[in-house]
1. Which of the three applies to chain A, rounded, prolate or oblate, going by the alpha-carbon gyration tensor with a ≥ b ≥ c and a/c under 1.5 meaning rounded?
2. Using R₀ = 30 Å, calculate the FRET efficiency as 1/(1 + (r/R₀)^6) where r is the Cβ-Cβ separation of residue A:164 and residue A:466; round to 0.05.
3. Please compute the contact order of the stretch B:1-283 in relative form: average sequence separation of alpha-carbon pairs under 8 Å and at least six residues apart, divided by the residue count, as a percent.
4. Based on C-alpha coordinates, I'd like the Rg and Dmax of the protein assembly as shown, in Å.
5. Could you work out the mean count of beta carbons from other protein chains within 10 Å of each residue's beta carbon in A:368-380?
6. Could you check the spin-label model distance between residue B:375 and residue A:250? Points 7 Å from the Cα along Cα→Cβ, value in nm.
7. Using a ≥ b ≥ c from the Cα gyration tensor of the stretch B:332-391 (square roots of the eigenvalues), is it rounded, prolate or oblate, where a/c under 1.5 gives rounded and otherwise the larger of a/b and b/c decides, a/b for prolate?
8. Between residue A:443 and residue A:398, with labels modelled 7 Å along Cα→Cβ, what's the label distance in nm to one decimal, could you check?
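Read-outs throughout are calculated quantities, based only on the coordinates presented, and are distinct from any laboratory measurement. As the structure is a prediction and not an experimental result, all values here were calculated from the model. Don't worry about glycine lacking a Cβ; one is built from the backbone with ideal geometry, like all the others, and counts go over all protein chains shown.
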């Protein structure tokens, strides 16, 4: 309890008093959380009730979520400022959502799994619709609410089935079961696991549970979009990794094939659907579907390298996605979001540094060298190759080549020689705070893209506590 | 440490040029000149001062040198980089690297000079991109860690993509995206092959490393080796380009601005040849041997197809682009012949093609700056208007068709002699390609510069800056035509050592073949080459 209390207390304290100086308190709270993580990292990992385990793995991911939340909070500041809504509760919701994420990454039990997921989701319903002045936001929120609500039901039912059959709700109890294969007498468990995976798949927005992503990304305010894309997905993926790490999936087993099929479908569909989009937010949505597919490839690989690869890629994906959405948020004029490709034509002329930051982010998504995206993708492919998942790797390689096309479209639009000034292109000034966040994210992407060794060592330590 | 400077100087000059251009665009050009001329001077100095060392290294290890071992390099840098994965920052330089570096910086300098007048938009950003690509190219040629190689290999795509997409001609975006996707897709295939090699070696020995010198001689089943070799081959074949994978090249070369075409034709496509000699064949000698019939067929198709397509073009720049396909066919032929003579020819061809084709691209660029078209139907009789330009074009057209006395002839001759030992039919068909080369080169001169002056075009002849560039290129080609020995000596150690690596396989049984191999390899007096020239004069 020594280690966990500061985390929770700091998070809680921040949102109780947040009405006054919402942003400052939020940031102070997040900073305090960060500090407490470093204090906690010095001690041995500990199990807090059967529900939560605060090992280095959880601490690392909580740190990641906290940093991402801080970035989202700062990016939201100017966005909300321009829109004259009452922004105080917004930050509170952000913090509760992060609390949910923190519970998820530390979860070792179905109860905490469900609890964290619900805290996260309920906060998100409100966040998506927060600046309530556009029908589109409401549409996005309702879509999310209905789908998330029904998948939660799936999840609970799945947990119930597994529990009914096995009498266990802990990770350690689940693992040997899954390893044993899911055929024959285990049919109820199998059904339960499938329902569980439906719930998780929805949160991760992998094919075939991806339908909501483009609408929600497009409909939600840009900073919230960034939050959904990073914190929400990252937390669930971290949980998935913790639950399935001890499971040795035999290539050829049903579960493996299911995951492989989902990964391939996500990579293919995400990349192909993004090709024909002209809306930057939708492009980012489809590309995030593809990126989750890439992640599943390393997830299926075995060995410690695979866990490192997944974690490294998630860190890179966080920084990249935050930078990309940050640019969209920073450039959005008060009445709408800067989301059509036409808004970005000739951006380099008007906002040279913003365009540079966006270019770096897009190249990182595309996996070009000098950015973390390159090292991340390299790591994924290495992990896959280490487990001889050749078919998956080849799909990864081919589809990410397709991905180049739509990333470069945005890049070219920004750097065109003769921009047509007429087309209502955005040129909103980027405020200092957002500018600083974008600069920091860009520097992060480049520094660890060139010299990733320190980060890798940190991640190695973090995943070492995984069973 | 000197190796680091080759990458760092252009890499540091790049952002400097961008920032300076905000206030003074002209300053960016001078920074770019400094950023390429300085390493060029450095590498030339190294070449001159280490000529003795090169000879000594060869004498000490002789033909018996057991591959790329420490101590046979001119210089190397090794530092830990991403140690958890066994990736090190490993740069090394031998004779072949030296030649490629000279080429890289010289072509970079030419590219900067050639865009002095043509590029007026975003001068700073343009030179940023040019310098970035030069830095990445230097990295490609210096890396001996396969991950580092792949890193630079991919890194140079971004600036080239921007150069084509932003400063290119009419269909620039299409060409840029096509170039990008072709190269990236093939590069990823190579990455898979590299990783497979990494794991096979790691499992066998327990050391997981991307160090090329350690990966050499990894034992694996021949079917696996063949697949991995194909991964490398596709990546380098796209770059080179080899016949069915060449379609990005005419588009990219045609749509790129002059500087882009010069770097593409001069250095970038040479990575294909370099990669095959340095990595593909030494790593998988047996698989390459099994593949060589296919390789030679593709090479011959490339030679003839490129020449025929060049003849059919109306666009002057596209014509020059297709000649590259043809000339690179010779390079591929030489590599798959894999004997000393052919490999020396390949090295020469790499250099001479860069010089002559680079010059032709610059010439087309200067012409287009003046008359705003590349369509040969709208030209004709230009010699009368601009005699200096006409004479220069004539010279480089002749170099391109392989006129004896110029470097290209020596190169193609050596390749054909080498290929004759490997496969008589390939050599014969390759020689037929030379006939086609004569046709397209002279036909180009006829349509653009000779004949009736029908379009009443009036424009300035070459200015001193341009004359200076061409004079340097002309001098280099003539010197190489009569005295190619310095290049051959410099590359000799690399050529013999890569052959040593493959000596165990069936690939190079001709180690002690025809006597002229010995003569050239041992650094015969220049007369030997000239005498060869004389004999083939009669044949042709």
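1. Prolate.
2. For residue A:164 and residue A:466, the calculated efficiency is 0.60.
3. 21
4. 30.6, 96
5. That works out to 4 on average.
6. Placing both labels 7 Å beyond Cα along the Cβ direction yields 7.0 nm.
7. Here the stretch B:332-391 falls in the prolate category.
8. About 4.3 nm, to one decimal.
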